[in-house]
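Accompanying notes for the structure given below.
Every read-out reported here was derived from the displayed coordinates using simple, explicitly stated rules and does not represent laboratory data. No experiment lies behind these values; they were computed from the predicted model shown. All Cβ positions, even for glycine, are placed from backbone atoms using ideal geometry, and neighbour counts span all protein chains on display.
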Amino acid sequence: MIYLSSWCPELAVSQSSYLGLMVSPGRGNSRPVATVRVWAADNGCFSSARKFREATFLNWLGDLSMHAPRCLFAVAPDVVGDAAGTWERSAPVLPRIREHGYKAAYVAQDGFRPEGVDWEAFDVLFIGGTTEWKLGMGHQATAWSLEHGKPVHMGRVNSIKRLEWAAGLGCTSADGSMFVFGGSKYMGRIKRALTRANLRRPT
């Protein structure tokens, strides 16, 4: 399992293959992509949905395409808490993400059902949604994705307990702000939790 964070000093000094960078357009945090082992491209919709522009997002991915081989996925635009709205918004963008050389991630939101999406259109399922939905249906959404042969990423994992829960469900990656707000005090705990998760994962 890999844990992705926004850029912080802890990532700069860490050599762990279990840690990586999550970046998004318009945040000015893309420069360190060249220095990390692994990264992922978010869409910025969770924090600034009204500012999202498809052309800007795709141009940004294009600018970073030389680093695409080390990118776990790029996240198609979503609508927080709305599965139907997310599919409508994501469907046209998913193939464009792939055209830029990235694996395309689709965000599962509240109301997500396996028959509501084209599983061949994306490469990774991103567990988003409200906290209540995630905690109630995150396990089922993960199971559906694994049944379809798609790896799963979980968003907003901001505690060791949540990280261990996501790993237990079968998620292969997660992101959160433990480093950003907790600093170095979390580094050892996160590394140990990730090591345990990866030792338990079948090869």
Review point. Over what distance in Å are the Cα centres of the stretch 100-171 and the stretch 174-203 separated?
Key: 18
Check your understanding: Dipole magnitude of the chain about its Cα centre, charges +1 at Lys/Arg Cβ and -1 at Asp/Glu Cβ only, in debye to the nearest 20?
Key -> 900
Review point. Extension gain Phe46-Leu146, at 0.36 nm per residue separation less the Cα-Cα distance, in nm?
Key: 33.5 nm
Point to revise | Distant alpha-carbon pairs in the chain (separation over 26 angstrom), percent | key: 28
**Study point:** Pairwise Cα inverse-distance average, inverted: Kirkwood Rh of the stretch 106-203 (Å)
**Key:** 14.0
Point to revise | Close Lys-Lys pairs in the chain, where close means Cα under 16 Å and separation is 8 or more or interchain | key: 4
Study note, to complete from the structure: Charge dipole of the stretch 2-200 built from unit charges on the beta carbon (Lys, Arg +1; Asp, Glu -1), centred at mean Cα; most positive-end Cα among Leu125, Ser5, Ala84 is Ser5
Check your understanding: Can you list the residues, at least 5 places off or on another chain, whose amide H is less than 5 Å from the amide H of Met154, using H built in the peptide plane?
Key -> Ile127, Ser173, Ala174, Asp175
**Study point:** Relative contact order, percent, the stretch 2-200 [alpha-carbon distance under 8 Å, six or more residues apart]
**Key:** 19
Check your understanding: Using the per-residue mean of other Cβ atoms lying within 10 Å as a proxy for protection, in what order, highest first, do the peptides 148-160, 164-176, 62-74 fall?
Key -> 164-176, 148-160, 62-74
Review point. Of Tyr106, Tyr18, how do they rank once you tally other Cβ atoms within 10 Å and put the fewest first?
Key: Tyr18, Tyr106
Exercise for review: With a Förster radius of 41 Å, plug the Cβ-Cβ distance of Thr56 and Val180 into 1/(1 + (r/R0)^6) and report the FRET value to the nearest 0.05.
Suggested key: 0.95
Study note, to complete from the structure: Measuring from its Cα centre, the stretch 154-203 shows a charge dipole (+1 at each Lys and Arg Cβ, -1 at each Asp and Glu Cβ) which, in debye to the nearest 20, is 180
